[in-house]
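Contents: one structure, followed by commentary.
Only the coordinates and a few stated rules stand behind these numbers; no lab work does. Treat the numbers as computed from the prediction; the structure is a model and nothing was measured. Every residue, glycine among them, receives a Cβ derived from its backbone with ideal geometry; neighbour counts consider all protein chains shown.
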Amino acid sequence: MTDLLLSQVKVGGESQFGTDEYVVNLGPQHPATHGVLRLIVKLDGETVKETVPVLGYLHRSIEKICENRTYPQCITYTDRIDYVSAMSVNYAFALATEKLMNIEAPARAQWLRMIFIELQRLASHLLWMGAFAGDIGALTPFLYGLRERERILDLFEMTCGQRLTYNYIRIGGVMIDILPDFVSKCIAFLDYFEPKIDEYEDLLTYNPIFLERTKGVGVISPEMGINAGVCGPSLRGSGIACDVRKQQPYLYYDQVKFAECIETAGDCWSRYKVRMREMRESVSIIRQSLERLEPGPIEAKMPPVLKAPLNSEIYSRIESSRGEMGVYLVGDGTAKPWKAKFRCASFSNLYVLDQLTKGWKVADIMAVLGSLDMIVPEVDR
Amino acid sequence: MFTGENIIQIVSGFLHWAYAQVGISALAGAIDPVISAIVMFGFISVFVMFLVWMERKVSAHMQSRIGPNRVGPFGLLQTVADAIKLTTKEDVKPVNRDKIPYFIAPIVAFVATFMGMVVIPFDKGMVVQDLNVGILYIIAITGFTVIAILTAGWSSNNKFALLGGFRSAAQIISYEVPLVLSVVPIIMITGTLSLSGIVEYQQQAGYWFIFPQIVAFIIFITSATAEANRAPFDIPEAESELIGGFHTEYSGVKFAMFFLGEYIAVVVSSAVAVTLFLGGWLPVAFLGFLHLPGFIWFLIKLVSVIYLVMAFRWTFPRLRVDQLMDFGWKVLIPLSILNILITASVWLLLYGKGAQ
């Protein structure tokens, strides 16, 4: 005991007792890390000196599993990569496979995919809004968000029977056509939902405490964002146009009118504003898509066994709810991909966490982590 | 018509008759306060259970949920079920705890806040002990909670608990200052520290202090919320940052005591707010025709103020620790000092030097 005490006394130094870093493990089980992310945080009092994310607690080796499954079977695994936005990942894989095998999905299937992906974006942003508000201490928006998300999940359940992992968007089309009353129910939902966005904004956007906690906190400068590979709404909050739907349109995004939401400040509040505005844009995209929906086939004509050409490779990307979702596939002439690689937005966005939190307080880690909209299974895969 | 005073007279008459039967009339002065303290303890336990139920219902209403509705009518017995569950579950203790402080901390947290209830007048004469330094006593005794929280944070040997304890110490000490300063104008006006005396002054003056002292009321409620560690000032137990804060390592009965202590702190501070600013047991002017007894008025006002505090919790996000300190020292304290100065000058102008 005395040895321990003596070792901390600086002989001849300015202070008699030395101070030490306070190392705290946030996670893997912690209420604010949205799953099993572990952060090793070094603190000086309340001030953060270093944040080191430790990954791998949710690693399920999905990329390796895909090498041993046929292309249609892989779709099921893509659901589990980002279970909050499963439709987008379904489509990301389907798109890559279609490009690899030169399959063109019919128009109705494309419009349906757009509707479901945008509904999924709404559901994902709603959950994000609730979790973000919860991270900085407001518990009520979480339940508001889930209340509306529930109605979106009802629409999904009505169509494909699932509420979380849909496996709905398939290679060459979609699993099943929508029910006759889907369109009217969807429009009813959108009419109900649009005023609700104003309600969330009333509750949060200009709340003085919310502004205090998010304005100027965790600023991603444009250079830092690009260098670190930040993407999606998190980068658009820093004033950079990076929406894949605009830059490299897929599906029929070039045929609908919508604005790319960009804010310039780069702080948590800007990222919040970007996502809130995106919800409104998504609603408008869904409305336009529902109008353009025409009867027709929902699946392309395909061979019974899907085989990629020998030595073919493809990298295709889409804008998922969290940012750029890229899929890299290598075909070897068999029915199974030789290599499947997913480029996930959560993983690259997490990279800036240490830079953003250095010198800030413990509570800001939660605000920044929340504003980056990170999903642990997407980080670990 | 029953008033608080009548009830007290009847009960004490009965008690003194009972003492005479047993032959301990000489000890009446010693036994009376004990009995009233026990009654108060029973009341506060039931009232807190009601408040927990109310909080869950209020939050459920604000979040468009239903809330507890399974146990008893309207789920009223839910908290009883929770209390039974908490008292019968295993008391999990960390191995490397500091044994004695770990054991004492929840008791101090509970007792310190409960002691504040002793001087609250529910009606004219309906008070456990009408101290002539009532306000001073309440402020002093509720300040003890910081010791309990710091001890709990230190002795549980948990990093999150320690962080929570430190935050709490800083917070409670900072907010004690505006809390006291916001009360000063009222003491200056009334010239008494006794809570009953302040209510009687409001009765004679014919107005409640919330009208001339609205600023003081706002400062008081804000600081009291901060002192009770409730959102938006709940940084010592910030769930999303520090898990449970200082009570991370507590379970079972010990956790229940912290929980109870937090609610009693809310009750005490709201009760003081009602007494100082909302006329205590006095009836609401335009509802005077109802002829309700004073303690019913008091309870109605008390529950309304507590509802306000609950509504804060379920609406606002949480402040960061440095912002919380800034708000306390840079906004609330200057504002309350300014309030004292203005009150004093106005009083001097209106009533001259010998004003009382």
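Comparing B:Trp208, B:Trp297, B:Trp17 in a Gaussian network model of chain B where C-alpha atoms under 10 Å apart are linked, the largest mean-square fluctuation is found at B:Trp17. Taking the Cβ-Cβ separation of A:Gln248 and B:Phe312 as r and a Förster radius of 45 Å, what is the calculated FRET efficiency to the nearest 0.05? Taking R0 as 45 Å, the efficiency between A:Gln248 and B:Phe312 is 0.40. In chain B, Cα pairs under 8 Å separated by at least six residues give a relative contact order of 22 percent. Among the trypsin sites (Lys or Arg not before Pro) found in region B:120-197, not one is both in a DSSP coil and sparsely packed, with 12 or fewer other Cβ atoms within 10 Å of its Cβ. Build a GNM of chain B with springs between Cα atoms under 10 Å apart, and of B:Phe289, B:Phe50, B:Phe122 the one that fluctuates most is B:Phe289. Estimated from the Cβ-Cβ distance and a Förster radius of 25 angstrom, the FRET efficiency linking A:Glu201 and A:Ala241 is about 0.60.
Residue by residue along B:55-62, Cβ atoms of other protein chains within 10 Å of the local Cβ number 1 on average. Between rounded, prolate and oblate, where does the protein assembly as shown land on the alpha carbon gyration tensor, with a ≥ b ≥ c its root eigenvalues, rounded for a/c under 1.5, else prolate if a/b exceeds b/c? Prolate, since a/c reaches 1.5 and a/b exceeds b/c. Per-residue shielding of A:137-148, expressed as the average number of other chain Cβ atoms within 10 Å of the residue Cβ, stands at 5.
With the simple spin-label model, which puts each label point 7 Å out from Cα in the Cβ direction, the B:Tyr207 to A:Lys99 separation comes to 7.4 nm. Apply 1/(1 + (r/R0)^6) to the Cβ-Cβ distance of B:Ile218 and B:Asn69, taking R0 = 45 Å, and write down the FRET efficiency to the nearest 0.05. Working from the Cβ atoms, E equals 0.80.
Sorting A:118-124, B:281-287 by average packing, meaning the other beta carbons within 10 Å per residue, from highest down gives A:118-124, B:281-287. Extension gain, A:Glu50-A:Asn25: 0.36 nm per intervening residue step, less the Cα-Cα distance, totals 7.8 nm.
Mean-square fluctuations from a GNM of chain B, with a 10 angstrom spring cutoff on Cα atoms, peak among B:Gly280, B:Gly328, B:Gly72 at B:Gly72.
Shielding of peptide B:220-232 by partners, expressed as the average count of other chain Cβ atoms within 10 Å per residue Cβ, is 1. Bridgeable lysines around A:Lys49 (alpha carbons under 25 Å apart, same-chain partners fewer than 8 residues away excluded): A:Lys10, A:Lys215, A:Lys358, A:Lys361, B:Lys159.
Among the DSSP helices (H) of chain B, those spanning at least 18 angstrom by Cα along their long axis with an average Kyte-Doolittle hydropathy of 0.0 or more are B:4-22, B:28-62, B:99-116, B:159-190, B:214-227, B:252-277, B:294-313, B:333-351; this is a geometric and hydropathy rule only. With the helix formula -39500 (n - 2.57) applied to DSSP H stretches of n ≥ 4, the protein assembly as shown reaches a computed 222 nm mean residue ellipticity of -18500 deg cm²/dmol.
Taking the longest Cα principal axis of chain A as reference, the axis of helix A:268-292 is set at about 10 degrees. Using 20 Å as the cut-off for backbone N distance, which residues of region A:306-338 belong to the label zone defined by a point 7 Å from the Cα of A:Glu260 along Cα→Cβ? Inside the label zone: A:316-327.
Our summary gives region A:62-345 a relative contact order of 28 percent, counting only alpha carbon pairs under 8 angstrom and 6 or more residues apart. Across region A:190-313, Cα pairs under 8 Å and at least six residues apart give a relative contact order of 26 percent.
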